[in-house]
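The structure appears right after this line, and notes come after that.
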Amino acid sequence: MTNLMRTNDAVVLGLAESLLKDAGIHFFVADRSMSVMEGSLGLLPRRLMVEEDQLAEARAILTEAGLGKELKPE
C-alpha cells in the first residue's frame, strides 16, 4: 500500500474514506489509534493508504471531489 493522503482533519478523512468505499477502492487508515495516545486531540495526522494499482483512480476521485490539495504530491 502507498500513502495517498496525510491529514488530521477528521471531516476530510471521513469524506475521502466514503468516496473511496463507494468507488470500491480498498484503503487503510494508518495511525488512527494514535489519537488514543495523544488524548484524542487530533494533532497527529492519519495516513490514508491505497493499493498501488488503484492509486491513480483514487487520486482522480478525490481530486474531482475537491480534495486535491489534501493529497500527497506525486
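Please say if the chain is rounded, prolate or oblate, where rounded means a/c under 1.5 for a ≥ b ≥ c the square roots of the C-alpha gyration tensor eigenvalues, and otherwise the choice is prolate for a/b larger than b/c and oblate otherwise?
Verdict is prolate for the chain.
Quick one: with all protein chains in place, what share of the accessible area of the chain is carbon or sulfur, to the nearest percent (1.4 Å probe)? Result for the chain: 54 percent of the exposed heavy-atom area is carbon or sulfur. Take the Cα of residue 2, go 7 Å toward its beta carbon, and the backbone nitrogen atoms of the stretch 45-61 under 17 Å from that spot belong to 47-61.
Can you show me the helix-derived [θ] at 222 nm for the chain, built from DSSP H runs with n ≥ 4 at -39,500 (n - 2.57) apiece and divided by the number of residues, rounded to the nearest 500. Please list the in-between numbers first.
Details: 3 runs with 28 residues, N = 74.
So the calculated ellipticity at 222 nm is -11000 deg cm²/dmol.
In this view, the solvent-accessible surface of residue 11, computed with a 1.4 Å probe and all protein chains in place, comes to about 110 Å². Computed with a 1.4 Å probe over protein heavy atoms only, the accessible area of residue 53 comes to about 130 Å².
In this simple spin-label model, placing a label point 7 Å from the Cα along the Cα-to-Cβ direction at both residue 33 and residue 69 gives a separation of 3.4 nm. Net charge in the neighbourhood of residue 71 (other residues with Cβ under 10 Å of its Cβ; Lys, Arg +1, Asp, Glu -1) is +2.
The values are calculated or read from the model by the stated rules, or taken from the named source; none is laboratory data. Because the structure is a prediction, the values reported are computed rather than measured. Positions of Cβ are backbone-derived with ideal geometry, glycine not excepted, and every protein chain shown enters the neighbour counts. Heads up: the accessible areas ignore ligands, DNA and RNA and are worked out on the full protein's heavy atoms, side chains in. Shrake-Rupley method; radii C 1.70, N 1.55, O 1.52, S 1.80 Å.
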